[in-house]
1. Just to be sure, is LEU314 open to solvent by less than 20 Å² (accessible area, probe 1.4 Å), assigned to a helix (DSSP H, G or I) and within 26 Å of ILE52 (Cα to Cα)?
2. Can you find a residue that is under 24 Å from GLU238 (Cβ atoms), hydroxyl-bearing (Ser, Thr, Tyr) and crowded, with 16+ Cβ neighbours inside 10 Å anywhere in segment 28-40?
3. Being at pLDDT 95 or above and either open to solvent by 20 Å² or more (accessible area, probe 1.4 Å) or touching a strand residue (DSSP E or B) at 6+ places or on another chain (Cβ under 7 Å) (or both) narrows it down to one of SER22, SER64, SER14, so name that one.
4. So is GLU244 of a type outside the set (Phe, Trp, Tyr), modelled with pLDDT of 90 or more and either in contact with an Asp or Glu (Cβ under 7 Å, 6 or more places away or on another chain) or at positive phi (or both) or not?
5. When both residues are 6+ apart or on different chains and their Cβ atoms are under 6 Å apart, which pairs have a first residue that lies in segment 52-74 and is without any contact (Cβ under 8 Å) to a residue 40 or more places away in the chain and closer than 18 Å to VAL106 by Cα, and a second that is loosely packed, with under 13 Cβ neighbours inside 10 Å and of a type in the set (Asp, Glu)?
6. Looking at segment 289-297, is at least one residue open to solvent by 10 Å² or more (accessible area, probe 1.4 Å) and aliphatic (A, V, I, L, M)?
7. Which of the following residues is within 30 Å of PRO135 (Cα to Cα), part of a helix (DSSP H, G or I), touching a strand residue (DSSP E or B) at 6+ places or on another chain (Cβ under 6 Å) and open to solvent by less than 30 Å² (accessible area, probe 1.4 Å): ALA270, ALA259, ALA283?
Amino acid sequence: MAIEILVFFFPSDSCRSACDVSKSDNNMHKIAFLTMDSLDGFVAYDGLVREILQDRNITVDEVSWRAVHVNWDQYKVVVIRSPWDYQQAPDEFMSTLSTIESSTAVLLNPLEVVRWNVQKTYLRQLQDAGVAIVPTQWLTSPKASELMNLFPRENTSEIVVKPIVGANADDAFRLKTGDTSESYQHVENVFQNRTALVQPFVDSVTAYGEVSLIFFEGQYSHSVLKKPKTGDFRVQEEHGGRIESITPDQDLINFATRALSVVPCSTLYARIDVVFLDNNQPAIMELELIEPSLYLSYDSAAPGRFADVIEARLRELS
C-alpha cells in the first residue's frame, strides 16, 4: 500500500530576510526621470544616460510631472530632467514636487534647491556673494515708458526683458531704442501683474556665444558653447541655436564653481551659463538647477559620469 507523505516547509527567518532584501533591492533599482507629456519639438539627451543605467540593472521610468495618481513610493529616486513646460503652471509644478518630496522617493535636485532657483531673484544672492552677474533690474508690471527710459539710464541701446520664472526663453524679448511703441506696449501687456527681469543686451552673446559649464555632484564635467542663429539672441536649440563642445580655461571653471558654492545645498547636477561683459569679465547669465539640458552628447564620457553619480546616490540610500 502506497503511503503519501506531505511535507510543509516554513521559511526560516534568514530566508524571509533574504526575500525581503530582494524586494527592497528591486525597489532600490527603480527610479524615475521627471519629464513632460510630450517632448515633441524639444532636443533631449536623457536617453543616453537611461541606457547606461538600464545596463546596470537600474530601471528608469519617464514620468510626466502632470501625470495624476502616480505612486511615487515605488521609486527610490526621482530625478528632475525635462519638464520644460513647467513655467506655464509653476504653482502646479511645485505642488507635484512637494508631493514627491513627501513620498519615500528622494527628489533630485532637492526641493530646497528648486525653491531657491525657480525665481531668478537668486541672482541677487550671487551678486551679494561677490559673484559677477549680468547687470539686472527687477520690475513689477513694467510700463512701456519705464522700459524706454532704461536706455539712457543704463547707457545701452538694447535691453532684454524676461520673466523671473521661465524656461526655454519663453516670453523673452529683445528691445532696441528704435523699436516701435507697439513693441514696448506688447511687452507691457505680457508682463502685466508679473515681475520682469531686465538686463542690458550682452553683445558677446551674438559675437561669441554663451558658455554652459555642467557639473555633477559639484564636480566639473564638460562644457558647450551655444550660439544663436543669425538675427536672433536665443541660444536654445529649439530656437535654432548652434551648439559645440569646448574646453574652457581653469579660471572660467573656477568662476563657475564659485557661483555654484552659493547654492544653499548640494546638487546632483547643475549647469552654469556664463557670458562675457564688455571688459571680457565673465558674468553669470543663469544658474540652471531645476531641469537643465545637460548636453550629454557633446562629451562621450558625460553620460557615464551622470549615470555614476545617480548610481552612487542609490548606493548611499541603500
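The values are calculated or read from the model by the stated rules, or taken from the named source; none is laboratory data. Note that the structure is a prediction, hence the values are computed from the model and not measured. Note that we place each Cβ from the backbone using ideal geometry, even for glycine, and neighbour counts take in every protein chain shown. To get the accessible areas, we keep the full protein, side chains included, count just its heavy atoms, and leave off ligands, DNA and RNA. Shrake-Rupley method; radii C 1.70, N 1.55, O 1.52, S 1.80 Å.
1. Values: open to solvent by less than 20 Å² (accessible area, probe 1.4 Å): yes; assigned to a helix (DSSP H, G or I): yes; within 26 Å of ILE52 (Cα to Cα): yes.
Taking the combined requirement at face value, the residue satisfies it.
2. yes
3. On the way: SER22 fails: at pLDDT 95 or above; SER14 fails: at pLDDT 95 or above.
So the residue among SER22, SER64, SER14 that is at pLDDT 95 or above and either open to solvent by 20 Å² or more (accessible area, probe 1.4 Å) or touching a strand residue (DSSP E or B) at 6+ places or on another chain (Cβ under 7 Å) (or both) is SER64.
4. Details: of a type outside the set (Phe, Trp, Tyr): yes; modelled with pLDDT of 90 or more: yes; either in contact with an Asp or Glu (Cβ under 7 Å, 6 or more places away or on another chain) or at positive phi (or both): no.
Considered against the rule, which asks whether it is of a type outside the set (Phe, Trp, Tyr), modelled with pLDDT of 90 or more and either in contact with an Asp or Glu (Cβ under 7 Å, 6 or more places away or on another chain) or at positive phi (or both), GLU244 comes out as no.
5. Within 6 Å, the pairs are SER64/ASP37.
6. There is no residue in segment 289-297 that is open to solvent by 10 Å² or more (accessible area, probe 1.4 Å) and aliphatic (A, V, I, L, M).
7. Working: ALA270 fails: part of a helix (DSSP H, G or I); ALA283 fails: part of a helix (DSSP H, G or I).
Within the list ALA270, ALA259, ALA283, the selection yields ALA259.
Residues are listed down the side, and each one gets a yes or a no for (1) of a type in the set (A, V, I, L, M, F, W, C); (2) open to solvent by less than 30 Å² (accessible area, probe 1.4 Å); (3) under 30 Å from VAL309 (Cα atoms):
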position: PHE93; (1), (2), (3): yes, yes, yes
position: LEU107; (1), (2), (3): yes, yes, yes
position: GLU112; (1), (2), (3): no, no, yes
position: LEU126; (1), (2), (3): yes, yes, yes
position: VAL131; (1), (2), (3): yes, yes, yes
position: LEU150; (1), (2), (3): yes, yes, no
position: SER157; (1), (2), (3): no, no, no
position: PHE173; (1), (2), (3): yes, no, no
position: SER181; (1), (2), (3): no, no, no
